[in-house]
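K.L.:
Right, I'll just put the structure down here and ask away after.
Laboratory data are not the source of any read-out in this text; all were calculated from the coordinates shown. This structure is a prediction, so every number in the text was calculated from the model and none was measured. So basically every Cβ, Gly included, is an ideal-geometry build from the backbone, and we count neighbours across all protein chains shown.
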Amino acid sequence: MAHLRSIIVFFLLLFASNSIGKEEQDEEFSEELLLRPLPDRKVLAHFHFDTRVPPTDTYGHHHHLFPKAIYQLVHKFRVREMELSFTQGRWNYERWGGYDPISSSNAKPPGVELWAVFDVPHHQIDASWKNLTHALSGLFCASINFLESSTTYSAPEWAFRPVSGNLRYGTLPREAVCTENLTPWLKLLPCRDKAGISALMDRPSIYRGYYHSQRLHLTSSEFDSVSSNSGIVLEQTLTIVLQPSTMGTDVTYSSGPMSQPSWSLSSLFGRKLGGRCVLAKSSNVYVQLEQRLVSALTELCYKNERSVDESLSFEVSWSNPGFELSVSPDLVFKEVCNLNKESPSILYQYSMENYSYSKPFDLGFWWKSTVVWSCPEAPLHASRFLMGSGNERGAIAISLKPTVRGNSVQSADINEGCRLRVDVFQVVPWYVKVYYHTLQVYVEEHLQSGKDIIEKMHVSPSEDKVSPGLMEMTLRFPCGVRSAVITIEFDKGFLHIDEYPPDANQGFDIPSAVVSFPDNQASMHFVEDNSLNQTPLLSKLQERRTVLSYTEVLLVPLTTPDFSMPYNVITITCTVFALYFGSLLNVLRRRVGEEERLLKSKAAKKTDRLRLMLSKLFAKLRGKPWEPPPSSQSQPLYSSSSLISSKLIIKVLLVVALAVGWQYILNDT
Amino acid sequence: MAESEPPKPKPRPIVRIGLFLISHSLLVSVVCITAGLLALLLLPVLAKNTYISENALMPGSASPMLSTVDVSVANTFVNEITSLNLKSTSTDIEIPKLIAQRVADLGGEVSYNKFHPLLNKFHPLNFFSSPNPAAVQENYSCSSFGVNTVGIIRAPRGDGKEAIVLVTPYNTVNITLGEALSLGIAYSVFSLLTRVTWLAKDIVWLAADSQHGEYASVAAWLRDYHTPVFGGLGKLNTEMCHERNNPYEWKKTLTTATEMSDDFQRAGTIAAALVIKVADNSEEFEKDALSIYAEASNGQMPNLDLINVVNYLAVHRQGLQVKVEKLWSLLDSTWLKSLGDLFETLGKVARSLNRQWNFGIPVAEYVDGTATLASSLYNQALGVPTGPHGAFRDYQVDAVTIEMSPKAFSKYNGRQNEVLLRGGRLIEGVILSVNNLLEKFHQSFFLYLLTSPSRFVSVGVYMIAFALLVAPLPMVAASLYSDANKRNPSFEKGKLTSFPAAADEPAISFRSWKWLHAAKVVFVVHLWGVILTLLPYCIYQIPNLSPTTSLLTWVLLSMISLLILHLVLGSPFSLVDVSQPQGNEWALLKSVMITATFTGLCLMSVINFATAEIGALLVVPMCLMAAPLRLDLRVKNSRACARAASNLLLVFIGFPLVAFLVLIGALQGFDSISAGEFWNWMESLWKWNSATYIYLSWLASFYYFTSDDRDMRGCRCGAENLFICFCKP
């Protein structure tokens, strides 16, 4: 086995060297894992898989690494860029950070989010989108095809992504995420989860986490006529937040601040890492220390009364008063000092080249002392909630509060003209009928006129049963804003009976709003030791990304008919209709004169056969001789009343018989 | 019948039945009222056993995870609180700080919610809408605020759309052991829930500061939950109350990594709420007992499933004795017992006839059920919530108050741990069930009366009693109307009269609209009722009035207003010809009044059944018996006198003040009665925006008839009560 593997590796290397020698691009696959301790005793694990294929016109149609399904998808629907994410749980922006590249690109709303940019003429976009949703639905075993309906997706103009004409965006907040979605996602990897870093994905441990987001991001420049096209890049990430099991010590019962739990790969995932996927060009594991953690550790060093140069040197050491890594890193990256004058973030790199099944990699991160730090947060913390009660109307409120970071920034540079730009992108389903003219912006408790705050606004109102409402806003707040609330009122609509979901009584979801801060870009700059060593994850971290955050999904209780009692509804409706139409018809058709004439004629000739028979029957019952009915002229009132009473008796008997029969049936069942 | 006469078209059977009933209205009304009373008394017999309707709840299907370790931690927490209360004078800061500290240590999100209790000022114009919070914010003295402590657990894998709220009201200034224990129960459950993996809904623990009333604090928190809140504790500083509310003092104790956020923390839509209390006074029971309080404002009840889950878990899992409130005085009444005996024997006889007819219940159960039913009816009719859960119902959230009363409870006999364990496991089970719920509570009943914790009477059954009770009203009205028309010899309109029609056209049209005059009288009296309703607002503005003087002022002012109305609009009876003693005006008047009453009662029964039922019990006999007193006195035979006397008695009993005092006297003994109590009672009613208040005033308006010498009297109208349901949307 080992021989075979080494041979394969050899051939691969040969191929690689060949391709480099030929100066021709080849398919590339790289796998990386980034681990980061979080302030609230949890650990972030971020798997990053990157598969690239050169453009078709130079490379051809045959691939040995790139998944064929995705390639065909791109070509069939002419997808220029696409992102699909499956998320379970909520990203905690306050504790896990909202200002770093990972959170701004991997914190996603619960459920499924899909957006795609197409390279097709304008009128074909919707058709392409619908086909794409169906294809993805089949590919990932999820009900993404619900995004096909025009009531679920929208076409944001600028607030979601800066430049996009052909963008379609849709979310399914209620979609549950489980292994059935992960397995097809793993199938796209050349080694699946059989070897390499993806082998760490032990299902019970990764689904036990507090946050689980699997993402697929696709960029293709196949259809660009411009040069420098890089082919198709498929980026698959899995971001999970895990709680390391606290061994032995029962933290729950201790009072006071708790210490950080130590963890290792095997304690987090229940597995060790047995080498790399042999098809991968690079296979690395990183441990990232955040800026504030580094500065907290530096402080700790000072406290331990070490000399200054020693404490500075800790920044590259992996064993210091704060913590210890069980394996020494192969490389240490240090962030180039950013503007915030905080300590640089540090990245320890472990290359998986050196490990194998016989020599598995099990990184341990042992805390030596209690360290308290906080994560960098977006300038404003956005939260969204519903106002009002009742089934008629309500209001959506988006509240923006400065975070700790925002405070520090504002204390640093408060000048008069400083304005903070905030973009808000909100999709509202049509059954929540938003009145856009009721938009109100409160800044520090005071109602502000819209034109002072709102710089740009784009609204496409919802159309009943056709399209959702879409609101894009660019707001400019003064930098020192302490609180701001945006409210907008809505009426709750009525749905047609077939538009209710199976569990209508839970309520209806309003998808997350996206609040982004275009002035703030999250990126890291590392001291580049070797430009060739730039792995996809590192370049991703260095990319400038707009800081954005998703708000909560809202649940709107709508008036819901009681579907469990259709019987009652049917009977009551039918009764009401019968009574109404019966009486109406009776009144309309009645002709009083005609009736009187009829009555007269009836009274004149009383020789109805049925009545005769009935009267005979009654005579027999009474044991009296039957006499023909007396002439109606003489005693009209008497005869009619006796006949009516006999009729009445028959009716009563009929009802009684029915009741008795019913009783028996009931008793039998 | 004359031969020459053309045969009359025979009316349809339904019309004939109607005519028959109208012509025998006296008999029908006696039968119906008797049947109605009987049906009401039969309700405990007809009660069904409760069952859990929503399958997703699955109560008790998981074994409780709350361990003795949790309980002992909670016990130390309780002891800390009580020791804080003993040694320190400023417990109003210390206890919230302790709670916040502990919640933060557990990994929950903590925030304080400062609130000013809304002064329950009666304002007639605000009656139908909730008061505008912005307008109320001003004019607070700095001493009158409370601080709720709120802890939130975010469900690890949940989407945060829904939340379950635990409420523990406690007095920050002087905490009792019971309150400390309820905090301990909530703390133990909260600490468990931070560790569990099954949470799908967020958990909110609201430690409500009840020094301004339990309801007020919860209502204030809910109000803030549903409106944007600006500024957290920082606002405290601006109000120049340095000695008590230094925000830094509030914040500085939290030394953990999770710094306390200043702003109001929210979780999603509230799915259900539980208010946990532990009773201080230990009544002697053989087991630990649990009381469930469910009535919210205007007689709204939470979904029956919630009560069922609590009841099921308490009885079958924790071995608690579950009680709902009952009128204790009814338990000893002999007539109820004999009635129960009667029903039991009837049930036995019925069972001997057919084995499937088992409707008889034992006497004790019957008496118990009746007492519970009476209390249930009374609480619903009053429209005053029986606990802080009422605040949730205003936001369409199902909530109950659970009060544990441990047996023979004192601090040092080691029972504390057991109480904590049982209470904690019960709460854990309820939360687990509600957490299982995919949809909001909708499956079971919302309209019901409880006769015991596990038996209920649903809306379809209890409406029968009410329908029987009010059924005579339209018949009597119709018969009075037709009689009044018939008595006039010159009038004939579609009735089966043998008199020839000889009146000319204008006379007919004039007479057919004659009831308008009666309607005007009724309308004027109702107008007086409106004035009567609004009067207490004016009285409320006068400071320093004892309840008795207030009541007297109210009575005086109403008399004056009556006089003014009399002068301005003229006596409503000015048109009545006194020289015509047999005149049918009084019959018309009575018929219109009865119609108005009927409409009002029917509308009220849709809004608040219990009020309508009790109102019907009081008013229907009065309506039916009403007759001019002067006529009775003039006739001077024994029958008329008896009728007049019974009328007077009914009116006297039925007058709200008297009815209230008699009721209080019957239940608590006649020593403690004073008229001022009535004022207090009324005050409490309008503080809670209870519909019953307006209802009572309308009732009172009709006693105007008693003060009039013509003695037209009888009823009240509730048509306007239609609006009352909106007073607490």
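K.L.:
Go through B:351-364, A:259-272, B:426-439 and give me the packing order, highest mean Cβ count within 10 Å leading.
P.N.:
Going from most to least packed, we get B:426-439, A:259-272, B:351-364.
K.L.:
Whose amide H sits under 5 Å from the amide H of B:MET404, counting only residues 5 or more places off or on another chain, with H placed in the peptide plane?
P.N.:
HN-HN under 5 Å from B:MET404: B:LYS277, B:VAL278, B:ALA279, B:SER291.
K.L.:
Tell me the trypsin sites (Lys or Arg not before Pro) within the stretch A:551-606 that lie in a loop according to DSSP and have at most 12 other beta-carbon atoms within 10 Å.
P.N.:
Passing sites in the stretch A:551-606 are A:ARG590, A:ARG591, A:LYS605.
K.L.:
Using a Förster radius of 60 Å, what is the FRET efficiency between A:ARG590 and B:ILE564 based on their Cβ-Cβ separation? Nearest 0.05, please.
P.N.:
That pair, A:ARG590 with B:ILE564, gives E of 0.70.
K.L.:
Could you work out the relative contact order of the stretch B:332-378? I mean the mean sequence separation of Cα pairs under 8 Å and 6+ apart, divided by the number of residues, in percent.
P.N.:
The value is 37 percent.
K.L.:
So what are the ³J(HN,Hα) numbers for the stretch B:388-403, from phi and the Karplus equation (6.51, -1.76, 1.60; θ = phi - 60°), rounded to whole Hz, Gly and Pro as x?
P.N.:
My calculation for the stretch B:388-403 gives x, 5, x, 5, 6, 4, 5, 10, 6, 10, 7, 8, 9, 9, 10, 10 Hz in order.
K.L.:
Moving on. For A:ASP668 and A:ARG421 in the same chain, what is the full-extension length gain: residue separation times 0.36 nm, less their Cα-Cα distance, in nm?
P.N.:
81.5 nm
K.L.:
Can you give the mean number of other chain Cβ atoms that lie within 10 Å of the Cβ atoms in peptide B:158-164?
P.N.:
What the average comes to for B:158-164 is 6.
K.L.:
Along the charge dipole of the stretch B:332-378, which of B:TRP335, B:TYR378, B:LEU353 sits closest to the positive end, that is, farthest toward it, with unit charges on the beta carbon of Lys, Arg, Asp and Glu (+1, +1, -1, -1)?
P.N.:
Most positive-ward Cα: B:LEU353.
K.L.:
Order of A:TYR436, B:TYR215 from fewest to most other C-beta atoms within 10 Å?
P.N.:
Ascending Cβ contact count within 10 Å gives the list A:TYR436, B:TYR215.
K.L.:
Can you tell me the order of A:293-300, B:388-395 when each peptide is scored by its average per-residue count of other Cβ atoms within 10 angstrom, highest first?
P.N.:
Highest-to-lowest ranking by the protection proxy: B:388-395, A:293-300.
K.L.:
Right, another one. How high is the FRET efficiency between B:VAL30 and A:ASN131 when r is their beta carbon distance and R₀ equals 60 Å, given to the nearest 0.05?
P.N.:
Calculated value: 0.20.
K.L.:
Can you run phi through the Karplus equation (6.51, -1.76, 1.60; θ = phi - 60°) for the stretch B:294-308 and list ³J(HN,Hα) in whole Hz, with x for Gly and Pro?
P.N.:
Once θ is set to phi - 60°, the couplings for the stretch B:294-308 become 10, 6, 10, 4, 6, x, 6, 10, x, 4, 4, 4, 5, 5, 4 Hz.
K.L.:
Describe numerically, in nm with one decimal, the distance between label points set 7 Å from Cα along Cα→Cβ at A:SER326 and at A:CYS141.
P.N.:
3.2
K.L.:
Per residue of A:81-93, count partner chain C-beta atoms within 10 Å of its C-beta, then hand back the mean as an integer.
P.N.:
So the per-residue partner count for this stretch is 2.
K.L.:
Also, I was wondering about something else. Take peptide A:30-36, look around each residue's Cβ out to 10 angstrom, count Cβ atoms belonging to other protein chains, and average those counts.
P.N.:
That works out to 0 on average.
K.L.:
In units of 2.2 N^0.38 Å, what is the alpha-carbon radius of gyration of the stretch B:332-378?
P.N.:
1.25
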